[in-house]
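Read the figures in this text as sums done on the coordinates, not as results from a lab. Computed from a predicted structure; not experimentally measured. Here Cβ is always computed from backbone atoms with ideal geometry, including for glycine, and neighbour counts include all displayed protein chains.
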């Protein structure tokens, strides 16, 4: 069962998401919050698998809440919530901040119901949401805004093959596309990517992409 926390200042939006999500037997809405601080407190209490987070709310923004939830989870064993940013803005400074704060993906509030449930399932599985148009555009713009890359010590830990896979992932490729490009099996890509994530301390694929852009592997 995927445990979901809904965070939005509009009650009607939360109610709509609840109805959509609870139509599926593998999803349970375990709480609702209307402000960032309330979201952080509730997340610590109910420990959701996925947090649907609005980025603009009075009384505490979603960016700060995302950062605090991710930080709180790092101090708790066996709790790694994924934050799915749900917004009306397809490119917005709040989204770039949320990406840096640890968000695992983005969807628009007017997305199709199937896209929302797919996003929740993907994030719960630890995949990160790289396939959506919104996320690809945000990642591309994020990389452009970063300026000159600043290599980190973790870069030296990656093997040549892991580096190749991280670079292709940062270009928006799926595991299957990476496998085709490198002429290897998809399982090989998954194995190398898993090891790379461990070395980089990345929670999901999106965080690997963030790291890649910061270290000059995103182009």
| said: Which residues among region 150-176 fall inside the zone where the amide N is under 19 Å from a point 7 Å beyond the Cα of residue 185, along Cα→Cβ? | reply: 161-162, 165, 175-176
| field | Distance in nm between pseudo-label sites at residue 24 and residue 45 (7 Å out along the Cβ direction from Cα) | value | 2.6 nm
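What percent does the relative contact order of region 149-214 come to when contacts are Cα pairs within less than 8 Å and at least six residues apart? Show your work: numbers first, answer last.
Details: 49 pairs, mean separation 27.9, N = 66.
It rounds to 42 percent for region 149-214.
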| message | With only alpha-carbon atoms in the gyration tensor, what are the semi-axes of the equivalent ellipsoid for region 149-214, in Å, largest first? | response | 18, 12, 11
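Multiply the residue separation of residue 174 and residue 198 by 0.36 nm, subtract the distance between their alpha-carbon atoms, and state the gained length in nm to one decimal.
Working: separation 24, 0.36 × 24 = 8.64 nm, distance 1.90 nm.
Contour length minus the Cα-Cα distance gives 6.7 nm.
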